[in-house]
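The structure under discussion appears below in the form of structure tokens.
The values are calculated or read from the model by the stated rules, or taken from the named source; none is laboratory data. What you are looking at is a predicted structure, and each value in this text was computed from that prediction instead of being measured. Counting neighbours? That spans all protein chains shown, and the Cβs are built from the backbone with ideal geometry, glycine included.
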């Protein structure tokens with residue numbers, strides 16, 4: 001059962017993410033895919049995450065497919081202009097990559113090539129709109145026609161907690177209007193705050209047009225917690241979460257982080273309009289079975 | 001052409017006054033006639049464009065993209081966003097509303113939302129902005145605006161909920177062949 005089918009059937013979808021290696025080999029992707037294969041519907045393949053050069057997202061997506069795991073190819077606006085982005089969608093679709101997740105992308109300033117030219121020729125709304133036009137209207141941005149048109153399931157991202165808070169549901173509305181069919185969110189540590197955002201999303205009727213998958217991560221260490229709170233753009237760690245994870249001995253932070261993640265998944269699954277969960281676990285794939293088991297979420301890949 | 005890098009700029013014109021000026025300067029026959037006369041003369045056009053550049057640079061940190069979004073962004077320039085986002089803020093805005101790239105400066109979209117909402121224009125931020133035409137950097141957006149060439153810059157989302165899809169194509173069909181200037 002594909003991710004699209006799982007969501008359409010009303011089942012609780014689970015996605016995770018794999019960050020491709022810095023090197024010309026797919027061994028690490030195969031290892032991570034083996035860990036995740038029986039537990040998730042699909043896996044995001046990040047696009048030079050954090051503006052650090054890694055193996056290309058399309059290549060990582062093909063490797064995941066070969067390893068028996070459905071990919072969600074991430075596509076940022078940071079490094080490619082409208083010509084390259086459209087070309088990449090055609091190539092990915094031709095080779096069987098169906099899920100495409102569109103995002104603005106981190107600024108190059110935060111990565112390993114801060115001297116790079118930031119492209120941002122299109123923004124994420126414009127890229128979604130472009131890909132939708134390619135698929136549904138069989139046209140490029142230039143107006144020239146396509147044959148055959150690409151087949152793709154379009155995803156977007158949103159951060160429910162970043163200012164301006166009053167505009168965040170509307171912003172998702174723009175992405176849905178432009179073509180987003182599913183959305184994965186930034187880290188959710190506070191299910192109640194997420195619930196308030198979801199109420200706005202439901203008021204706009206967005207959950208009827210777009211599957212919503214909140215992002216949940218498992219904190220592995222105090223260092224990771226501090227990094228997430230202070231260094232990752234757009235992530236907000238509430239004080240009670242911070243105290244809870246610092247309240248256990250340092251060698252038990254990972255176990256407590258996994259418990260917290262499982263609890264958060266259960267709370268989110270109970271919110272009206274939540275279609276699944278996106279596990280933000282790049283580099284910590286081995287934690288996935290434990291978290292999902294504890295949360296009581298089991299994805300049977302044979303489509304039970 | 002080379003331009004200054006995008007850096008968030010705080011507008012020096014109050015939102016209320018900006019919207020008043022917008023009403024006074026909206027396209028109408030007199031301004032259409034005047035702008036056509038200005039365009040007809042190369043030197044006049046250059047002087048006019050230079051004056052616009054200076055004025056808008058001082059007031060809004062304008063970088064002369066030539067496709068002005070200010071009327072629907074609370075008169076905060078989105079081209080000051082380090083990612084040049086035309087459709088709203090990225091997900092990296094700090095909890096205090098700061099820009100992720102320049103943490104000492106406010107995010108242009110946070111300011112845009114506050115200013116537009118304060119004047120009852122919050123719905124402007126729901127418009128879908130088409131990709132800009134990079135050939136138009138350096139042009140006078142005032143002349144483009146009065147001549148009606150900016151009409152395709154954004155679109156309204158269609159459907160009952162307003163979220164079922166854009167009412168028009170993403171492809172912008174400008175009224176004239178671009179280039180030259």
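Here residue A:141 meets each of (1) touching a residue at least 12 places away in the same chain (Cβ under 8 Å); (2) at the interface with another protein chain (Cβ under 8 Å from one of its Cβ atoms); (3) surrounded by fewer than 19 Cβ atoms within 10 Å (Cβ to Cβ) with one exception, condition (3).
Listed by position, the helices (runs of 4 or more DSSP H) inside the stretch A:1-89 whose residues that are more than 19 Å from residue A:276 (Cβ to Cβ) number at least 2 are A:27-36, A:57-66. Taking the stretch A:199-219 as the range and being buried (at least 18 other Cβ atoms within 10 Å of the Cβ), away from chain B (no Cβ under 13 Å) and more than 21 Å from residue A:6 (Cα to Cα) as the test, the residues that pass are A:217, A:218, A:219.
Which ones in the stretch A:267-278 are surrounded by 14 or more Cβ atoms within 10 Å (Cβ to Cβ) and either away from chain B (no Cβ under 14 Å) or in contact with a helix residue (DSSP H, G or I) (Cβ under 8 Å, 6 or more places away or on another chain) (or both)? Across the stretch A:267-278, the qualifying residues are A:267, A:268, A:269, A:271, A:273, A:274, A:275, A:276, A:277.
Please pick out the residue among A:52, A:81, A:48 that is out of contact with any strand residue (DSSP E or B) (no Cβ under 6 Å at 6 or more places or on another chain), buried (at least 23 other Cβ atoms within 10 Å of the Cβ), in contact (Cβ under 8 Å) with a residue 40 or more places away in the chain and over 30 Å from residue A:208 (Cα atoms).
Going through A:52, A:81, A:48 in turn, just one is out of contact with any strand residue (DSSP E or B) (no Cβ under 6 Å at 6 or more places or on another chain), buried (at least 23 other Cβ atoms within 10 Å of the Cβ), in contact (Cβ under 8 Å) with a residue 40 or more places away in the chain and over 30 Å from residue A:208 (Cα atoms): A:48.
Please count how many residues of the stretch A:61-78 are within 14 Å of chain B (Cβ to nearest Cβ) and in contact with a strand residue (DSSP E or B) (Cβ under 6 Å, 6 or more places away or on another chain).
If we filter the stretch A:61-78 for residues that are within 14 Å of chain B (Cβ to nearest Cβ), which is where we start, we get A:74, A:76-78.
Cutting the leftovers down to in contact with a strand residue (DSSP E or B) (Cβ under 6 Å, 6 or more places away or on another chain) gives us A:74, A:76.
Total meeting the criteria: 2.
Here the stretch A:166-191 is the region considered, the condition is being in contact (Cβ under 8 Å) with a residue 40 or more places away in the chain and within 28 Å of residue A:239 (Cβ to Cβ), and the residue that is farthest from the other protein chains (Cβ to nearest Cβ) is A:191.
Among the residues of the stretch B:90-102, which ones are in a loop (DSSP other than H, G, I, E, B), more than 7 Å from chain A (Cβ to nearest Cβ) and at pLDDT 95 or above? B:99, B:102, listed by residue number. Within this structure, residue B:118 fails the test of being buried (at least 22 other Cβ atoms within 10 Å of the Cβ), touching a residue at least 60 places away in the same chain (Cβ under 8 Å), more than 7 Å from chain A (Cβ to nearest Cβ) and more than 30 Å from residue A:231 (Cα to Cα).
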